[in-house]
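Please treat every number below as a calculation from the coordinates, not as lab data. Computed from a predicted model, the values in this text were never measured in an experiment. FYI the Cβ positions are ideal-geometry reconstructions off the backbone, even for glycines, and counts take in every protein chain you see.
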Amino acid sequence: MRSWVYLLGVPTAGAWQAEPPGRSVSAMTQLPTSGPGTRAWLGLLVVLGPVLLVSMDGSILFLAMPRVSQALRPSADQALWTLDIYGFAVGSLLIAFGNVGDRYGRLRLLLAGATFFGIGSAAAAFAPTPELLIAARALMGVAGATLLPSALAVLGELFTDPRRRARAIGIFAATFAAGFAIGPVVGGVLLERFWWGSVFLVNLPVIALFLCFAPVVLGEVRGTRPGRVDVPSVVTSAVGLLLATYGLKHAAAAGLSAAAVITGVAGVAVLAWFGARQRHLDHPLIDFRLFRDRVFTVAIVTGLLPLAAWSAAAYLASTYLQSVLGLPVLQTALLALPGAVVLTTTCIVTPAVVDRIGKRTALLVCHFSIATGLLLLLPTTVTGGTGWYVASTAVAGIGYGISFAVVAETAVGAVPPERAGAAGALAETSNEIGNALGIALLGSLAALLFRLLGPGLAPTLDETLHLPGLAATLVVDARSAFVTGLHAVAVTASVLHLALGLVALRWLPRPTGDEPAGAVRGEEVGAR
């Protein structure tokens with residue numbers, strides 16, 4: 001999360017010389033000697049509300065999807081879209097809205113984003129059809145993309161002292177990580193007493209408080225950036241991702257068809273055009289030249305892959321606990337709590353640990369602990385496995401927490417100071433896109449295996465189990481097919497993390513004797 005400091009023009013202690021040239025932010029060019037008062041800390045508290053909601057809503061549906069499936073009867077690909085359209089919208093628009101906030105004001109964008117986030121939450125809570133639920137989730141994602149960059153930029157106006165600003169940014173980062181972790185827990189607690197729409201209505205009181213207090217305690221922040229937002233790049237990146245993902249999901253859920261192939265190929269073609277366009281822009285949405293640096297590449301993939309593994313495993317494991325083992329939703333939520341605590345705690349303590357062991361070692365621990373944690377899901381069966389699930393989330397939670405804490409700073413440190421903003425933008429975007437791709441790609445793998453190995457009566461486990469008069473043997477077959485899909489996803493994600501860990505072992509340089517342990521230098525390549 002500290003990469004947003006560079007992306008948004010909010011320098012931390014010692015980073016003033018690293019601020020990209022040609023960019024200024026009002027109310028941040030002078031360093032007062034006095035620390036922040038009550039207004040600053042109250043402002044931080046106000047800002048953390050929407051930040052927590054944006055991250056929490058990326059995972060809060062994991063436990064609610066069985067209830068949603070019962071109420072709205074979505075198809076297999078509609079269920080997956082309900083889960084990951086939010087992450088796609090947030091991830092694809094983060095960079096664009098960072099530029100918009102510079103031009104029209106961060107506070108103004110924050111207030112507008114919070115308003116639409118609340119509208120989207122209310123619409124999702126009372127959506128009568130899967131299509132309207134997906135549309136409401138998309139609106140929430142667009143609004144969420146306005147909140148994250150603007151919220152942190154506003155903190156720079158509140159905390160002008162570098163040390164206190166660094167502390168505020170650390171709290172911001174920990175809150176963001178905690179939101180992902182506690183989303184399923186909060187959802188489970190709400191579902192124990194209320195209907196599935198309550199997981200969205202819980203956003204409204206927080207949004208209402210934010211809209212009341214933000215204009216009072218927060219100040220407006222504007223910045224100047226070179227170039228304009230390239231609208232065609234924003235549109236093509238989002239459309240390409242959605243088309244390619246739709247083709248993959250449709251093929252996994254319903255089988256290979258002309259529509260799936262045409263849509264998938266069209267999506268890949270649009271993404272290729274997007275990539276080619278970036279190379280000819282003076283100020284591209286994504287600067288692909290940065291990927292010439294191996295350290296930067298490892299950092300970005302590390303930002304994407306753990307979130308992909310976490311989102312897919314959390315969603316499938318929640319369905320496993322409820323629909324396979326038949327556990328009540330509150331017990332399912334409580335079983336997720338140890339992993340959430342480990343993830344959040346690791347995120348908080350990692351910066352201090354990295355100072356001793358270095359980012360290289362931390363990234364290796366990140367990938368190998370996630371790989372090990374995922375493999376602990378393999379002993380789960382249709383009759384039991386809660387202990388293995390808790391152990392899996394706890395071990396993997398160490399790696400997820402490290403990923404949140406060090407990826408962005410590693411990416412920013414691997415590039416020259418004048419490119420820190422672009423590196424920071426990609427680091428944060430990789431988190432959100434990873435969250436969405438995990439369900440889109442790994443979730444599609446599980447859906448494909450269920451379609452091939454299951455009874456073939458319905459495309460999802462929940463739909464199959466709610467068919468009237470279903471024979472006991474078919475229930476066992478359906479649950480066994482789902483568990484096989486869960487195991488396949490765990491093995492696939494584990495292998496990917498092991499491979500990335502080995503790549504990191506080879507590519508990341510060891511710190512030299514005159515460098516601090518936390519230093520990981522980028523390579524001197526053409527990207528510079």
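For an R0 of 45 angstrom, estimate the FRET efficiency from the Cβ-Cβ distance between residue 457 and residue 235 and round to the nearest 0.05. Computed FRET efficiency for residue 457 and residue 235 comes out at 0.65.
Across region 289-528, how large is the tail of the calculated P(r) beyond 34 Å, expressed as a percent of all Cα pairs? Result for the distance tail: 23 percent. Using θ = phi - 60° in the Karplus curve 6.51 cos²θ - 1.76 cosθ + 1.60, the 3J(HN,Hα) couplings for region 85-94 round to 5, 4, x, 4, 5, 4, x, 6, 10, 4 Hz; x is entered for Gly and Pro. With each label modelled as a point 7 angstrom along the Cα→C-beta vector, the residue 192-residue 505 pair spans 4.3 nm.
Ranking request for peptides 405-411, 297-303, 43-49: highest mean number of other beta-carbon atoms within 10 Å first, then the rest in descending order. Intermediate values should be presented prior to the final figure.
On the way: 405-411: 28.4, 297-303: 24.9, 43-49: 21.9.
Most protected by this proxy first, the peptides run 405-411, 297-303, 43-49.
Just subtract the alpha-carbon distance of residue 279 and residue 212 from 0.36 nm times their residue separation and send over the number in nm, one decimal.
19.7 nm
Give me the Kirkwood hydrodynamic radius of region 102-141, using the inverse of the mean 1/r over all pairs of distinct Cα atoms, in Å to one decimal. Mind dumping the intermediate values first?
On the way: mean 1/r = 0.0936 Å⁻¹.
This gives a value of 10.7 Å.
How many angstrom lie between the Cα centre of region 261-292 and the Cα centre of region 132-204? If we compute the Cα centre of each part, the gap is 29 Å.
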